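First the structure, which I've put down as structure tokens, then a few questions once you've had a look.
The values are calculated or read from the model by the stated rules, or taken from the named source; none is laboratory data. Remember, predicted model here, so these are calculated numbers, not experimental data. No Cβ is skipped: glycine too gets one built from the backbone with ideal geometry, and neighbour counts run over all protein chains shown.
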Amino acid sequence: MTLVNPLRQKLAEGRAVFGTLATMPSPQLAQLFAGCGFDWLMIDMEHGPIGIESAQAMIAATAVSDCVPLVRVAWNVDWLVKPALDAGALGIVFPMIRSAEEAEAAVAACRYPPLGERGWGPFYAPSRWSTDAPTYTRDADAAVMRIALIEHVEAIANIEAIVATEGLDVALIAPFDLSVSLGIPGRFEEPAFLEAVATAERVIRDSPVHLGGLARDAGGAQALVERGYRFLLLAYDVMLIERAARALLDPLRTG
């Protein structure tokens, strides 16, 4: 037996991969998203009201397909990473990575010694991936993905050092927090914002790290793919549900 991350395989083949964000503590929602064909699902323990019990159930619910469950932790500390990985997540998304030192700490939290600092206790992860504990322990360092959110002006200044971090897999440019950090919240057409994004894009594309970003719809995602993005976050659960509900109701309210 071997633990294999299908998401890592797709990226290695040069394919673009598409996922969405789940902020609701719902295994049923996770099962539906996984069944829809998303390559990955980001379970949001940073801003969503999701505890570790719900996260574990949501991770298990993705087993209906090859959708890879990722967990966005609330902060870059190892004790938040450990239970998410032990529950079966095959990737951790780290918010507010601003320096190479922070990127190195993120990678170390996802690896067992001697390469990292992860404690041992994968009681549920092996069964999620149809393997046993010894195999999981042997293969986890290579299978688990490490994803940094680039969402602060300091990250832009240090982007070359961040993407040079050994073991970092994806750098995802997060537009909302980046615009806030620049002092222009939500003003995505401002020259300062566009310049920051262009700088990050150029450096990440020229590195071994995959370039990630947010798209609100399929057209936006395709435009990002053409610019070299390979890790695409497509909207999020609240947006998708609201959009579908309004599309259903609006013609009836105005007709």
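Name the residues in region 124-138 that are assigned to a helix (DSSP H, G or I), over 17 Å from Leu70 (Cα atoms) and either of a type in the set (Lys, Arg) or in contact (Cβ under 8 Å) with a residue 12 or more places away in the chain (or both), would you?
Listed by number, the residues that qualify are Thr135, Thr137, Arg138.
Within region 184-196, can one find any residue that is touching a strand residue (DSSP E or B) at 6+ places or on another chain (Cβ under 8 Å) and under 16 Å from Ile173 (Cβ atoms)?
There is no residue in region 184-196 that is touching a strand residue (DSSP E or B) at 6+ places or on another chain (Cβ under 8 Å) and under 16 Å from Ile173 (Cβ atoms).
Still on this structure, please answer the following. Quick one: which residue in Ala200, Ala221 is in contact (Cβ under 8 Å) with a residue 12 or more places away in the chain, over 30 Å from Gly116 (Cβ atoms) and of a type in the set (Gly, Ala, Ser)?
Ala221
Related question: In region 64-99, which residues are buried (at least 17 other Cβ atoms within 10 Å of the Cβ) and in a helix (DSSP H, G or I)?
If the condition is that a residue be buried (at least 17 other Cβ atoms within 10 Å of the Cβ) and in a helix (DSSP H, G or I), then Leu80, Val81, Lys82, Pro83, Ala84, Leu85, Asp86 are the ones that fit.
A follow-up question, please. Sort out which residues of region 42-63 are in a loop (DSSP other than H, G, I, E, B), under 14 Å from Ala87 (Cβ atoms) and of a type outside the set (A, V, I, L, M, F, W, C), and write them in order of number.
The one that is in a loop (DSSP other than H, G, I, E, B), under 14 Å from Ala87 (Cβ atoms) and of a type outside the set (A, V, I, L, M, F, W, C): Gly51.
Same structure, new question: Residue by residue through region 200-255, note down the ones that are assigned to a helix (DSSP H, G or I), under 13 Å from Ile150 (Cβ atoms) and not basic (Lys, Arg).
Ala200, Glu201, Val203, Ile204
Further, regarding this structure: For region 218-241, what are the residues that are surrounded by 12 or more Cβ atoms within 10 Å (Cβ to Cβ) and among the acidic types (Asp, Glu)?
Asp237
Do you know which residues across region 159-202 are within 16 Å of Phe94 (Cα to Cα) and not aliphatic (A, V, I, L, M)?
Of everything in region 159-202, those that are within 16 Å of Phe94 (Cα to Cα) and not aliphatic (A, V, I, L, M) turn out to be Thr165, Glu166, Gly167, Asp169, Pro175, Phe176, Asp177.
From the list Ala192, Ala198, Ala161, pick out the single residue that is modelled with pLDDT of 95 or more and either in contact with a helix residue (DSSP H, G or I) (Cβ under 8 Å, 6 or more places away or on another chain) or closer than 26 Å to Trp75 by Cβ (or both).
Sole residue among the options that is modelled with pLDDT of 95 or more and either in contact with a helix residue (DSSP H, G or I) (Cβ under 8 Å, 6 or more places away or on another chain) or closer than 26 Å to Trp75 by Cβ (or both): Ala161.
Would you pick out the residues in region 10-32 that are touching a residue at least 60 places away in the same chain (Cβ under 8 Å) and outside any loop (DSSP other than H, G, I, E, B)? Outline the logic, then answer.
The first filter runs over region 10-32 and keeps only residues touching a residue at least 60 places away in the same chain (Cβ under 8 Å), leaving 11, 14-24, 29.
Selection gives Leu11, Val17, Phe18, Gly19, Thr20, Leu21, Ala22, Leu29.
Ok, one more. Output the qualifying pairs, or none if there are none: Cβ atoms under 7 angstrom, residues six or more apart or on different chains, first residue in region 108-123 and surrounded by 12 or more Cβ atoms within 10 Å (Cβ to Cβ), second residue in a loop (DSSP other than H, G, I, E, B) and of a type in the set (Asp, Glu).
Close Cβ pairs satisfying both conditions: Ala108/Glu117; Ala109/Glu117.
So for region 147-169 (the condition being in a helix (DSSP H, G or I), crowded, with 19+ Cβ neighbours inside 10 Å and not hydrophobic (A, V, I, L, M, F, W, C)), does at least one residue qualify? First the steps, then the outcome.
Keep residues of region 147-169 that are in a helix (DSSP H, G or I), which gives 153-157, 159-163.
With the extra rule that they be crowded, with 19+ Cβ neighbours inside 10 Å, the set shrinks to 155-156, 159, 162-163.
Then keep just the ones that are not hydrophobic (A, V, I, L, M, F, W, C); that gives none.
No: region 147-169 contains no residue that is in a helix (DSSP H, G or I), crowded, with 19+ Cβ neighbours inside 10 Å and not hydrophobic (A, V, I, L, M, F, W, C).
Condition test on Ala84, is it under 17 Å from the mean Cα position of the chain (by Cα) and either among the small types (Gly, Ala, Ser) or closer than 30 Å to Ser179 by Cβ (or both)? Break it down into steps so the answer makes sense when it comes.
Numbers: under 17 Å from the mean Cα position of the chain (by Cα): yes; either among the small types (Gly, Ala, Ser) or closer than 30 Å to Ser179 by Cβ (or both): yes.
Yes.
Restricting region 50-62 to residues that are out of contact with any strand residue (DSSP E or B) (no Cβ under 9 Å at 6 or more places or on another chain) and touching a residue at least 24 places away in the same chain (Cβ under 8 Å), which is farthest from Met96 (Cα to Cα)?
Residue satisfying both the conditions and the ranking: Ala57.
Let me ask you something else. Tell me which residues, restricted to region 1-57, are more than 14 Å from the chain's Cα centre (by Cα) and β-branched (Val, Ile, Thr).
Listed by number, the residues that qualify are Thr2, Val4, Ile50, Ile52.
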